[in-house]
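The values are calculated or read from the model by the stated rules, or taken from the named source; none is laboratory data. All values reported here derive from a predicted model rather than from experimental measurement. Here the Cβ positions follow ideal geometry from the backbone for every residue, glycine too, while neighbour counts run over all protein chains shown. Just the protein is used for accessible areas: all its heavy atoms, side chains included, with ligands, DNA and RNA removed. Shrake-Rupley method; radii C 1.70, N 1.55, O 1.52, S 1.80 Å.
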Amino acid sequence: MSIRTKVAQIAGRSVKIALKLTTGGGSSLPGKVAHRISPNILSDLAKHYDVIIITGTNGKTLTTTLTSNILSKAFGKVITNRAGSNMSQGIVGAFLDAKKTSTKERGLAVIEVDEGSLNNVVEALNPKLIVHTNLFDDQTDRYGDTKAAYQLLVQAANKVPNAKILANGDLPLFNSVDLVNAVEYFGLLPNLTNEPIRIACPRCGGKLDYHTRTYSELGDYECSSCGVKRPELKYAVSDITETDLTRSTFTIDDESFTIPIAGVYNVYNALAAYAVAKELGVESAVIKNSLQTTERVFGRQEIIPLGEKTAILNVVKNPVGLNQVIDLIEKDKDPMTFVAILNNRPADGVDLSWLKDGHFETLAKMEIEEVLTGGIRADRMTEALVEAGFERHTIDEFETLEELVNRITQAKNKNIQIIATYTAMLELRKELKDKGLLK
């Protein structure tokens, strides 16, 4: 490690300590400071680690958490950016407290990386494995369409040809380019939806036919024109035996696994973590124990006790993820208060056109006794709900999060479902902490 990097590491750690004492931490500032002092700090700190990168649109944070939990039980200490700070500064911050400098014993790091930042850090991280979770339309004002986003992943893979790719084989886009890397695929075998869909083959533009589908364009596909089809799956969920509001139970290689998290989309995340663990030689018993004892990640089905009431918080940022959360809320048959908080800051995506593809009409048919909206674009969220069938006079719109939180604590129902865009979720959690309602 160079002297410059040592100085940068000390400076970054000092800033991190100061932030914890004054603000509770959570800033990317330590990484920014360290990187400014030593531009090569990431490669210097990561070179003694076998790095696993998790990237894609949805599920990065939970997949990273599940994977790091499994590997820590199997191998001990694992470096990870568990808080979801997935751009270069946050990734540097994850390594700032790294103790390993010896070349005799390599450590493990599981790092969530934003799709747009991947090319900036992939060579410095020099990963052993890269997991491609999925790619859906997300922040089109930043990335363009999914094909453009996938090109970023392809370019990054080309920079590290020795890295193995673990890709979601159910997504046709991930089978559209021949990579220089070794590739293994994971996916789900059950047919979970018969809703019609028309998807163009990413290789030739022809029509894709589906033998089975899980949700969106994920499934067992085949092109009627060029013949491309879902690749052979090395890791597959053969059956989903239980999925309710609190858990998911599924089968891999004739063994049953449970995660205390609901939703088919989270079964994919668990399968991705399973695939990484198996690639590293972890026994199924260790994986099973780790998955079933996983704690929920903040903002992802996060349970927030509010006295006699309970709020469940889910972050949403694109139509596919939003609709999966709506499907989950639909399973809740009890009367509820529904809260929707909408921001369109750069980290959320400025373009709000994605709301038009949200299945809010499903919520309009449920036993929702009151609706609260907030965030800097509360007006647009209210409009989307009215267009879906909610009566405008039944929606209370709040200008500030302080007012909204006060109203949430006085909700008519003990059951509160909250959806929020990324920065709105962070701001809501801060407001709850400031009021002593969240640790």
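Tell me the per residue accessible area of region 23-78 using a 1.4 Å probe; a whole number in Å² is fine.
Solvent-accessible surface per residue comes out at 36 Å².
Please find, in a Gaussian network model of the chain (springs between Cα atoms separated by less than 10 Å), the residue of 393, 35, 132 whose mean-square fluctuation is greatest.
Looking only at 393, 35, 132, the largest GNM fluctuation is found for 393.
Need one number: nm distance between label points at residue 123 and residue 209, each 7 Å from Cα along Cα→Cβ, rounded to one decimal.
4.6
So how do 7-14, 123-130 stack up, highest first, on mean other-Cβ count within 10 Å?
Top of the packing list down: 123-130, 7-14.
Counting only heavy atoms of protein chains, what accessible area per residue, in Å², does region 232-279 have with a probe of 1.4 Å?
About 36 Å² of surface per residue is accessible.
Compare the peptides 206-215, 319-328 by average per-residue count of other Cβ atoms within 10 angstrom and give them in order, highest first.
My ranking of the peptides, most packed first, is 319-328, 206-215.
Taking the convex hull of the Cα atoms, report for region 300-420 its projected area averaged over all directions, in nm².
6.7
Taking only DSSP H segments of four or more residues, each worth -39500 (n - 2.57), what value at 222 nm results for the chain once the sum is divided by all its residues, to the nearest 500 deg cm²/dmol?
For the chain, the value works out to -11000 deg cm²/dmol.
Where the accessible area of region 121-213 is counted over protein heavy atoms with a 1.4 Å probe, how much of it, in %, is carbon and sulfur?
45
Show me the ranking of peptides 224-234, 373-383 by mean Cβ neighbours inside 10 Å, starting with the highest.
Sorting 224-234, 373-383 by mean packing, highest first, produces 373-383, 224-234.
So what is the orientation-averaged projected area of the chain, using the convex hull of its C-alpha atoms, in nm²?
Values: hull surface 82.8 nm².
One quarter of the hull surface, i.e. the mean projection, equals 20.7 nm².
Can you give the relative contact order of the chain as a percent, counting alpha carbon pairs under 8 Å and 6+ residues apart?
Normalised by residue count, the contact order of the chain is 12 percent.
Consider just the alpha-carbon atoms of region 371-439 and return their Rg together with their Dmax, both in angstrom.
That works out to 12.2, 37 Å for Rg and Dmax.
When the accessible area of region 306-439 is split by element with a 1.4 Å probe, what percent falls to carbon and sulfur?
46
Report the label-to-label distance for residue 353 and residue 283 in nanometres (one decimal), using points 7 Å from each Cα along the Cα→Cβ vector.
For the pair residue 353/residue 283, the computed spacing is 5.4 nm.
When N is the residue count of region 161-244, what does its C-alpha Rg come to as a fraction of 2.2 N^0.38 Å? Present the calculation step by step, with values, prior to reporting the outcome.
Values: Rg = 13.3 Å, N = 84, 2.2 N^0.38 = 11.8 Å.
So region 161-244 has a normalised radius of gyration of 1.13.
Using a probe radius of 1.4 Å on heavy atoms only, what accessible surface per residue do you get for region 330-439? Whole Å² is fine. Spell out each step's value before the answer.
Numbers: 5450 Å² over 110 residues.
On a per-residue basis, 50 Å².
Rounded to the nearest angstrom and ordered from largest down, what semi-axes does the equivalent ellipsoid of region 107-217 get from its C-alpha gyration tensor (root of 5λ)?
In descending order, the three semi-axes are 26, 16, 13 Å.
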